[in-house]
Amino acid sequence: MINAGQLVLKRWEPNWAGELTAAITESLPELKPWLPWATDAYDFAESMAYIERSVDSWAKGDEFNYAIFTTIGELIGSIGLMTRPGPGALEIGYWLRTPFAGRGHMTAAVRVLARVALTLPGIERVIIRYDAENVASGKVAEKAGFTETQRITLDPETPIGSGTEIIRELRS
């Protein structure tokens, strides 16, 4: 568990699958343009599978996903650290439940998780990747102190994707 002031980050637990499903379903209009897994078919079984993968990934040491809660226990999103950039770096991925957007919650969660990541042995940088048209994710990364280091041209993974991925980093 990580205390982030007005928020608490906790490792995912299976008993939260129903609330995860509700949060994603409620937020689909904002999530679908950017996240390939966010579809109208998303359901409880997919939430359970995600949580099970999260538990397995912790055990393997490749991904460290957290549920984001308010201090009064409202599930408002998800954030995680991934090892895919390779040695010396971790990547942060995140999404926020729509009614909680625009209040600085995700910026606070990214700041605290990046700070924790940079204290880990061998980690020198934390990376955030997002589509150039995903203005909200870009603002979070910028407000959390991440600096743009690269732009990559890709085939868009989602129908609205620009084909340009922005990479921002925070270094120790």
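Could you please tell me which pairs satisfy a Cβ distance under 8 Å, a separation of 6+ or placement on different chains, a first residue in the stretch 112-137 that is within 10 Å of Ala89 (Cα to Cα), and a second residue that is assigned to a strand (DSSP E or B) and acidic (Asp, Glu)?
Arg125/Glu169; Val126/Glu91; Val126/Glu169; Ile127/Glu91; Ile127/Glu169
Starting from the stretch 5-31, take each residue that is over 16 Å from Ala101 (Cα atoms) and list its partners that are acidic (Asp, Glu) and not in a helix (DSSP H, G or I), counting only C-beta distances under 8 angstrom and pairs at least six apart or across chains.
If the second residue must be acidic (Asp, Glu) and not in a helix (DSSP H, G or I), the pairs left are Thr21/Asp43.
Out of the residues in the stretch 121-151 that are among the hydrophobic types (A, V, I, L, M, F, W, C) and modelled with pLDDT of 95 or more, which is surrounded by the fewest Cβ atoms within 10 Å (Cβ to Cβ)?
So, considering only residues that are among the hydrophobic types (A, V, I, L, M, F, W, C) and modelled with pLDDT of 95 or more, the one surrounded by the fewest Cβ atoms within 10 Å (Cβ to Cβ) is Ile123.
So in the stretch 65-105, with the set limited to residues that are within 16 Å of Asn3 (Cβ to Cβ) and of a type in the set (A, V, I, L, M, F, W, C), which one is surrounded by the most Cβ atoms within 10 Å (Cβ to Cβ)?
Ranking the qualifying residues of the stretch 65-105, first place goes to Ile68.
Among (1) touching a helix residue (DSSP H, G or I) at 6+ places or on another chain (Cβ under 8 Å); (2) within 20 Å of Pro36 (Cα to Cα); (3) in contact (Cβ under 8 Å) with a residue 60 or more places away in the chain, there is one condition Ile68 misses while meeting the rest; what is its number?
Failing condition for Ile68: (2).
The values are calculated or read from the model by the stated rules, or taken from the named source; none is laboratory data. Remember, it's a predicted structure, so these values are computed and weren't measured experimentally. Note that each Cβ is placed from the backbone with ideal geometry, even for glycine, and that neighbours are counted across all protein chains shown.
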